[in-house]
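Working notes for the structure below.
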Amino acid sequence: MTESARTTTATASGKVILCGEHAVVYGHPAIAVPVQQVRATATVTAGPPGAGCVLRALDLGREIRLAEAPEDDPLALILRLALAELGLAQEPDWTVTVHSQIPMASGLGSGAAVSTALVRALFRHAGRAPEPATVSRLVFRTEELHHGTPSGIDNTVIAYERPVWFVRGQPPETFTPAQPFTLAIADSGIPSPTRETVGDVRRAWQADPTRYEALFQAIGQVVVAARRALETGDMAELGRLFRRNQALLRELGVSSEPLERLVAAAEEAGALGAKLSGGGRGGNVIALVTPETEEAVGQALRRAGACQVIVTRYRPSTANG
Ligand code: MEV
């Protein structure tokens, strides 16, 4: 095939945080899992000679010439970082197109997934297979532009596309749950302003470090217990831990009335436990369901205001189920 006819496509999954959000920014552990049903897709083709690298972001209706893009544009940044990592002496004449099914600002990692798909597509177009650790390191730089002080969990779980146990500053551990489990992921339809909630929690912690450190510590203990529950297949315990984590997130000030309504509806319909996932205020609620309750919980979540419910199964034998 000629260079001009060659098209390279790569995708990246969404993600949810099972437990530990916010406390993870302060060095406590968190657990996140990929969500394979929603993906970002990037395509690279040869562009017009002399045009340099041109990026088309279909969902944003944007077309950017890399050479003219500002320093702080996250899409331009990830292209520059990937091309530098590839060691290309000259900017190639490539047209790069990106599209995402992952709702933006919903806590499902849309920004990190778009960047990951871009890095994978650029590497593959250059004939290289990127290591997950490399992808994660590059995408983290764009997360800093989006969120200010990210822990790094979103770029990590999406780069590895496996359940991860994450502690800031330590190599991530991927792990395998002992039993299959199913999540109903309900989108409140309200944007989750991660930069804002992370900033609010920081200010609250600065004003009252003793209280907030105790809350972070308690969340960290929930995460340790949740890993044990996942590794022993104790889903009833995992459900209780979701409830405990949600109570602590409420105390941190990152829940909201619409999210509480979704959590209550899921639990009343038989979910083992439910909690917000990600930055909070808006975004998604995750509910731990069983084959017997998944239908009723999905319906209850929709009645309580969810604009979309994704049911995702995690099986011990595969990355996501
Ligand atoms: C965002 O998905 C999770 C937070 O813990 C922020 C972070 O870890 O960077 C709220």
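The values are calculated or read from the model by the stated rules, or taken from the named source; none is laboratory data. Note that the structure is a prediction, hence the values are computed from the model and not measured. Please note: Cβ atoms are built from the backbone with ideal geometry, for glycine as well, and neighbour counts cover all protein chains shown. Keep in mind that these areas ignore ligands, DNA and RNA; they rest on the heavy atoms of the full protein, side chains included. Shrake-Rupley method; radii C 1.70, N 1.55, O 1.52, S 1.80 Å.
Across the Cα atoms of the range 31-93, what radius of gyration and what greatest pairwise Cα-Cα distance (Dmax) are found, in Å?
13.8, 46
Taking the mean number of other Cβ atoms within 10 Å as a proxy for protection, how do you rank 80-88, 121-129 from highest to lowest?
With the highest mean Cβ count within 10 Å placed first, the list reads 121-129, 80-88.
Kindly report the accessible area of the chain per residue (heavy atoms of protein chains, probe 1.4 Å, no ligands, DNA or RNA), in Å².
Using a 1.4 Å probe on heavy atoms only, each residue of the chain averages 41 Å².
Which order do the peptides 243-254, 12-23 take when ranked by the mean count of other beta-carbon atoms within 10 Å per residue, highest first?
Highest mean packing first, the order is 12-23, 243-254.
Kyte-Doolittle mean at least 0.5 and Cα extent at least 15 Å along the axis: which DSSP H helices of the chain qualify?
74-86, 110-125
Sorted by mean Cβ packing within 10 Å, highest first, what order do the peptides 57-63, 259-265 take?
Ranked from most to least packed, the peptides come out as 259-265, 57-63.
Run the Debye formula on the Cα coordinates of the range 3-174, all scatterers equal and no solvent, and tell me log10 I(q)/I(0) at q = 0.15, 0.18 1/Å.
Summing over Cα pairs of the range 3-174 leads to -0.77, -1.08.
Can you tell me how much longer the chain between THR9 and THR149 gets when fully stretched, taken as 0.36 nm per residue apart minus their C-alpha distance, in nm with one decimal?
So the chain would gain 47.3 nm between THR9 and THR149.
Using only the Cα atoms, work out Rg/Rh for the chain, with Rh taken as the Kirkwood radius, to two decimals.
Reported Rg/Rh (Cα atoms, Kirkwood Rh): 0.99.
Taking every alpha carbon pair in the range 175-321, what does the distance histogram look like in 10 angstrom bins from 0, in percent?
Histogram of Cα-Cα distances, whole percents per bin: 12, 39, 35, 13, 1.
Summarise the accessible area of the chain (1.4 Å probe, protein heavy atoms) by the percent that is carbon and sulfur.
51
List the residues, sorted by chain then number, that are 5 or more residues from CYS19 or on another chain and whose placed amide H is less than 5 Å from its amide H.
ILE31
What residues qualify as long-range amide H neighbours of SER255, i.e. H under 5 Å apart, gap of 5 or more or another chain, H built at 1.01 Å from N?
ARG281
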